[in-house]
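**Q** This structure is in structure tokens; I'll ask about it shortly.
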Amino acid sequence: MLTEAQRAELKELGAPNVRSHLLLWGAGRGASVGGFRHGDIDRGDINDWLAEQYRHEASRQWRTLFWAVIGGVAGMMSVGLTIWFALR
């Protein structure tokens with residue numbers, strides 16, 4: 001289980017850097033991964049944290065896509081209404 005200090009350190013490093021850091025250490029969920037300011041962290045805990053970051057990023061991308069579609073539809077409607085009122 002990650003402590004708040006370890007979570008903060010992982011967040012500060014960022015997911016791409018943490019993934020790169022994992023390449024230097026042993027395999028298996030129970031492997032101890034060193035090189036962190038707040039002590040060694042189990043590889044399984046880091047993998048869980050990375051999965052959580054991925055889920056947050058995917059959710060954010062879907063929200064961005066949703067609002068982009070809404071903006072596009074609103075823009076097309078305004079152009080259509082402008083043309084319709086101009087031709088009346």
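Derivation of every value follows stated rules applied to the coordinates shown; laboratory data play no part. Keep in mind it's a predicted model, so treat the numbers as computed, not measured.
**Q** At 27 Å minimum axial length over the Cα atoms and a Kyte-Doolittle cut of -1.0, report the qualifying DSSP H helices in the chain, or say none.
**A** 43-87
**Q** Could you state, as a whole-number percent, how many of the C-alpha pairs of the chain are farther apart than 22 Å?
**A** That tail contains 48 percent of the Cα-Cα pairs.
**Q** Roughly how many Å is it from the Cα centre of segment 7-67 to that of segment 70-88, as a whole number?
**A** Taking the Cα centre of each part, segment 7-67 and segment 70-88 sit 45 Å apart.
**Q** Also, quick follow-up: Contour minus end-to-end for V79 and R60, with contour as 0.36 nm per residue of separation and end-to-end as the Cα-Cα distance?
**A** Result: 4.0 nm gained on full extension.
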